[in-house]
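Notes for the one structure printed next.
The values are calculated or read from the model by the stated rules, or taken from the named source; none is laboratory data. Since the structure is predicted, the reported quantities are computational estimates derived from the model, not experimental observations. Here the Cβ positions follow ideal geometry from the backbone for every residue, glycine too, while neighbour counts run over all protein chains shown.
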């Protein structure tokens with residue numbers, strides 16, 4: 001494993017999202033990371049058929065929750081040296097960035113992704129009392 005130890009702050013990719021977190025444990029081939037900020041909101045849809053709309057299940061993907069702990073593959077975890085952003089602020093910023101990217105994309109996949117993001121937004125508003 002890289003020079004990462006328990007208590008270190010890291011960036012980590014999980015599915016299609018990117019997060020800042022704190023390493024709280026190690027597993028074979030993975031670190032346990034407690035989520036502190038969202039850098040990139042996860043993309044919507046089927047991971048195995050990216051950019052396709054006609055799939056058996058078009059996944060709705062929420063960002064990992066504040067303080068949620070997730071097993072992150074070692075190769076997806078890198079040291080982080082910077083300011084840890086407030087979780088709610090970072091979630092709103094990452095959500096808005098993805099939404100803008102999708103609004104600028106005329107494809108059917110982007111349109112379907114925007115639909116799933118709208119229902120996620122409602123859940124975020126209820127869970128975190130956020131305003132978008």
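A few remarks follow.
- Filter pass, residue 42 being surrounded by fewer than 12 Cβ atoms within 10 Å (Cβ to Cβ) and over 13 Å from residue 77 (Cβ atoms): no
- Matching residues, region 26-51, being more than 18 Å from residue 112 (Cβ to Cβ) and free of Cβ contacts under 8 Å to residues at least 24 places away in the same chain: 28
- Residue 78 being at pLDDT 95 or above, outside any helix (DSSP H, G or I) and closer than 14 Å to residue 40 by Cβ: yes
- Taking each residue of region 55-68 that is at negative phi and at pLDDT 95 or above and looking for partners that are surrounded by 15 or more Cβ atoms within 10 Å (Cβ to Cβ) and assigned to a loop (DSSP other than H, G, I, E, B) with beta-carbon atoms closer than 6 Å, six or more apart or interchain, yields 63/41.
- Spans of strands (runs of 3 or more DSSP E) in region 5-50 with at least 2 residues in contact with a helix residue (DSSP H, G or I) (Cβ under 7 Å, 6 or more places away or on another chain): 9-14, 30-40
- Being in a loop (DSSP other than H, G, I, E, B) and closer than 13 Å to residue 13 by Cα is true of residue 64.
- Any pair with Cβ under 6 angstrom, 6 or more apart, that starts in region 83-99 at a residue that is over 18 Å from residue 117 (Cβ atoms) and ends at one that is modelled with pLDDT of 95 or more and surrounded by 13 or more Cβ atoms within 10 Å (Cβ to Cβ): 84/20; 84/36; 84/37; 85/37; 87/37; 87/66
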